[in-house]
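The values are calculated or read from the model by the stated rules, or taken from the named source; none is laboratory data. Every value quoted in this text rests on a predicted model; they were computed, and no experiment measured them. Please note: Cβ atoms are built from the backbone with ideal geometry, for glycine as well, and neighbour counts cover all protein chains shown. We work out accessible area using only protein heavy atoms, side chains counted, and drop any ligands, DNA or RNA first. Shrake-Rupley method; radii C 1.70, N 1.55, O 1.52, S 1.80 Å.
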Amino acid sequence: MTATIHPSPFVRRVLFADAIVSALTAVLMLVEDAFLSSLLGVPAPMLAAAAAGTLLYAAYPVWAATRQTLPRAAVWVPVLLNIVWAADCLALALGGGGQPGAAGQALLAVQVVGAIVFAELEYLGLRRAITVAA
């Protein structure tokens, strides 16, 4: 049986913030693709693909935050995807798939820290969520 929760105002705010930051990041990747491509040492099409995926992802936390109840597993999705994003950014910063300079590494470090913070806040909210009686 699937555990269902009432998302707290805290979880809703974190999910909305995650969606906004993700959408802004995607727009930045689309608008500044040439600049970011040279900064990160990755091809512009790779950035476009990442931006498209990030825009799709940004819709999910909005959906989750606007539900009265949702499966507990639904909050695990952004937690896990933020961890994956952090790992991908860390791998790219360390030279896996690109050749970022110092500024690119700093940008990627911000992405790693931001994704880990969102994952932790979403997890914290999930732990404090009230389970709905079946």
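The table below lists the values:
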item: Sulfur and carbon atoms: percent of accessible area, the chain [1.4 Å]; result: 72 percent
item: Sequence-distant residues sharing a close amide H with Gly98 (under 5 Å, placed H); result: none
item: Arg72-Ala48 pseudo-label distance in nm [points 7 Å out on the Cα-to-Cβ vector]; result: 4.3 nm
item: Rounded to whole Hz, the Karplus (6.51, -1.76, 1.60) HN-Hα couplings of segment 11-28, x for glycine and proline; result: 4, 4, 5, 5, 5, 5, 4, 4, 5, 5, 5, 5, 5, 5, 4, 5, 4, 4
item: Ellipsoid equivalent to segment 75-134 - semi-axes via the Cα gyration tensor, in Å; result: 31, 10, 5
item: Cα-based Rg of the chain normalised by 2.2 N^0.38 Å, two decimals; result: 1.14
item: Net dipole in debye of the chain [+1 Lys, Arg Cβ; -1 Asp, Glu Cβ; about Cα centre; nearest 20]; result: 560 debye
item: Placed amide H near Leu70: partners under 5 Å, 5+ positions off or other chain; result: Ile5
item: J(HN,Hα) series, segment 67-72, from Karplus relation 6.51 cos²θ - 1.76 cosθ + 1.60, nearest Hz, glycine and proline x; result: 8, 5, 9, 7, x, 3
item: Globularity ratio of segment 1-57, using Cα Rg and 2.2 N^0.38 Å; result: 1.52
